[in-house]
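Notes follow once the structure below has been shown.
No lab work stands behind these numbers, since they all come straight from the coordinates. All values derive from a computational prediction rather than experimental measurement. Cβ sites come from the backbone with ideal geometry, for glycine too, and all protein chains shown count toward neighbours.
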Amino acid sequence: MPSFTEPVPLIEARDLCYTYPDDDPSDDVPAVKNVSLKVYAGEHVALLGHNGSGKSTLAKLLSQILVPQSGDLLIDGKSCRDLGENELFDLRKNIGMVFQNPDNQLVATVVEEDIAFGPENLGIPSEEIRRRVDEALDAVGMREYARTSPHMLSGGQKQRIAVAGILAMMPRCIVFDEATAMLDPSGRDEVMETACRLNRERGITIINITHHMAEAVRADRVYVMHEGSMILSGTPREVFAHIATLRDVALEAPAETELLYSLNRLGGAFPLPVLDADLCADLIAQKYRETRKNG
Amino acid sequence: MAKIELQNVCYTYGPGTPYAKIALKDVSLSVEAGKITGIIGHTGSGKSTLVRMLNGLLAPDSGRVLLDGVDINADKKALASVRCRVGLVMQYPEYQLFDETVEKDIAFGPRNMGLSSEDIAARVREAAGFTGLSEEILSKSPFDLSGGQKRRVAIAGILAMKPEVLVLDEPAAGLDPKGRREILGGLLRYRDTTGAAVVIVSHNMEDMASYADSIVVLRQAQTAFEGTPAEVFARRGELEENGLRVPDAVRIADKLRERGVPVPEEICTVEAEAAYLAELLSLK
């Protein structure tokens, strides 16, 4: 019985399982095993895991690109099981995805037409599409490129156009599936800033799948997957306290925590985790002054 | 003498059209055998064009590309042998896998070089070793592998040709931290074993700090500056103007220096920083 004070999650996964179909069913390994999680409206969630850990499969289950073999997915508390194709189609509008390779997700020869592609396919009236395209361009700071050809843009700009194309469909949640992996550092910042701003200013729920620990630090909650299962979840501070576990599953902690962890292994006694460079430097500087005083 | 050298190379895409774009402007660069040279630069700074110059996929509009002192574009018939000697791993090379088994895919290059089947088999095993591919994977279809494993197969396919110059465009993009270290560690071993010159293009400043002997920074189709990782990462302002960043360890070192902790400029990796600080703080 849910308590009355607890809000209904935007997305709730209950024991989701998914195995990719194979010619030889005997060596089928599930890509996602009994994964449960709740994502509330307006949250910024990071999903970590090594290559092949099941992150992208989970993302596709959450956005209903894949249908789980067992378990249930609830959107606004409403089960996706036993839904017809039409009802699923409506539910899918809630969640948009931005993929890794910017060149694989732009379809038109002019930026504004690319952004209009989604709403056109939803059968939105054209004046409304015009309004949405302009608004989406403003939201990602790309208004001046409305009539540019996408191939003239940098990687970061292309990803922002991909985000705008999703925004024009007015989803409540955007899944970034390693959307910054191809980008140079400033492109990565552009896309992360855009995601965080949409989250902050418009309350759009963000699920960011990433290998960059510095991005995960900016999330409200962090989930870590390993071999199809969810092995850690919590605030960034809670998750990055498990640095040994993270290393076991081919991941790492942000540089500040990695540095202090290494120093602790060499005899230091710094509190962990530390996710902020200033705090990290303060702690080391304090220790340095003590050492000089005593030595 | 430089293993491979660019002398005043210029290149323009679509010359004479309204879309003409200068990709390289008077770029000179020299890469030594046995060294890892990193190339960094903002999107569109000319990195990928430069990489295509190194094995003659693109020929300069003016300027020369010299391999062991010989202009590779002087004799177009010799380009096939240049491409055996200069191995190029492009971005997302896993999209180029095509054969039935991993073993056959890796063997494609050496087979086309006309080697004997024993030689080919030995080279496939050796290349698989450098990239950390196990024996049992060799008989699988490359299309049944994870993204990280496919990347290794694609890189092994080039290593099996034993290039004297190995050029890689973002070899570790999209891999998890451990996968990244394994791939780059394998390239290091390849360099140590063969003495090859290795050129790596990357947006990952941490990887550059850990693995490169020297770094070249490209800016708007030109070489902005170059040097050891420490020299390059000491020029923070210029890097940031170019849309680049310093590695995390350098960012933390800056904060430490602001607080009066003496940290030498040479330190650009978290490992080196930890070792130095442990000494400084007399940790035991």
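Only helical runs count toward this figure. For chain A, summing -39,500 (n - 2.57) over DSSP H runs of n ≥ 4 and dividing by all residues gives -11500 deg cm²/dmol at 222 nm.
Taking neighbour Cβ counts within 10 Å as the exposure measure, how do A:Ile243, B:Ile215 sort from fewest upward?
A:Ile243, B:Ile215
Scoring B:167-176, A:250-259 by mean Cβ neighbours within 10 Å over their residues and listing the highest first yields A:250-259, B:167-176. Rank B:Met113, B:Met205, B:Met161 by mean-square fluctuation in a GNM of chain B with C-alpha springs under 10 angstrom and give only the top-ranked residue. In this elastic network of chain B, the residue with the biggest mean-square fluctuation among B:Met113, B:Met205, B:Met161 is B:Met113. One Cα centroid belongs to the stretch A:211-229, the other to the stretch A:38-86; the line between them spans 16 Å. Nearest 10 degrees, 0 to 90: what angle lies between the long axis of helix A:155-167 and the longest principal axis of chain A (Cα atoms)? Value to nearest ten degrees: 60. Ordering of B:70-83, A:137-150 by packing is A:137-150, B:70-83, highest average first (other Cβ atoms within 10 Å, averaged per residue).
Assuming a ≥ b ≥ c are the square roots of the Cα gyration tensor eigenvalues, decide whether the protein assembly as shown counts as rounded (a/c under 1.5), prolate (otherwise, with a/b larger than b/c) or oblate. Rounded shape, in that the Cα axes give a/c under 1.5. How would you classify the stretch A:254-295 from its alpha-carbon gyration tensor, with a ≥ b ≥ c the square roots of the eigenvalues: rounded for a/c under 1.5, else prolate if a/b is greater than b/c, otherwise oblate? Cα axes put the stretch A:254-295 in the oblate bin.
Across peptide B:270-280, the mean count of Cβ atoms from other chains lying within 10 Å of each residue's own Cβ comes to 5. Compared with the dominant principal axis of the Cα atoms in chain A, helix A:111-121 is inclined by about 70°. So what's the angle, to the nearest 10 degrees on a 0 to 90 scale, between helix A:277-294 and the longest Cα principal axis of chain A? Once rounded, the angle reads 0 degrees.
The mean number of partner chain beta-carbon atoms within 10 angstrom of a residue's beta-carbon across peptide B:172-182 is 6.
In a simple Cβ point-charge model (Lys, Arg +1; Asp, Glu -1; nothing else charged), chain B has a dipole of about 400 debye relative to its Cα centre.
Highest average first, the peptides A:79-87, A:29-37 ordered by how many other beta carbon atoms sit within 10 Å of their residues are A:29-37, A:79-87. Per residue, the average separation of C-alpha pairs within less than 8 Å and at least 6 apart gives the stretch A:11-252 a relative contact order of 28 percent. Taking all Cα pairs closer than 8 Å and separated by 6 or more residues, the relative contact order of the stretch A:108-218 comes to 27 percent. If you take the square roots of the eigenvalues of the alpha-carbon gyration tensor of the stretch A:49-140 and sort them as a ≥ b ≥ c, do you get rounded (a/c under 1.5), prolate (a/b over b/c) or oblate? It comes out oblate by the Cα gyration axes. What separates the Cα centres of the stretch B:14-28 and the stretch B:131-205 is a distance of 32 Å. If R₀ is 56 angstrom, what is the calculated FRET efficiency for the pair A:Glu144 and B:Met113, using the beta carbon separation as r and rounding to 0.05? After rounding to 0.05, the efficiency reads 0.65. The value of relative contact order for the stretch A:254-295, using C-alpha pairs under 8 Å at least six residues apart, is 34 percent.
Amide H contacts of B:Phe225 (H built 1.01 Å from N, in plane; Pro and chain starts excluded): B:Val217 sit under 5 Å, all sequence-distant by 5 or more or on other chains. Under a 5 Å amide H cut-off, with hydrogens placed 1.01 Å from N, B:Leu24 pairs with B:Tyr11 among residues at least 5 apart or on other chains.
For A:Lys287, a cut-off of 20 angstrom between C-alpha atoms picks up these lysines, skipping any fewer than 8 places away in its own chain: B:Lys255, B:Lys284. Shape index of the stretch B:4-246: Rg/Rh, with Rg the Cα radius of gyration and Rh the Kirkwood radius from the inverse mean 1/r over Cα pairs, equals 0.97.
Per-residue shielding of B:248-258, expressed as the average number of other chain Cβ atoms within 10 Å of the residue Cβ, stands at 5.
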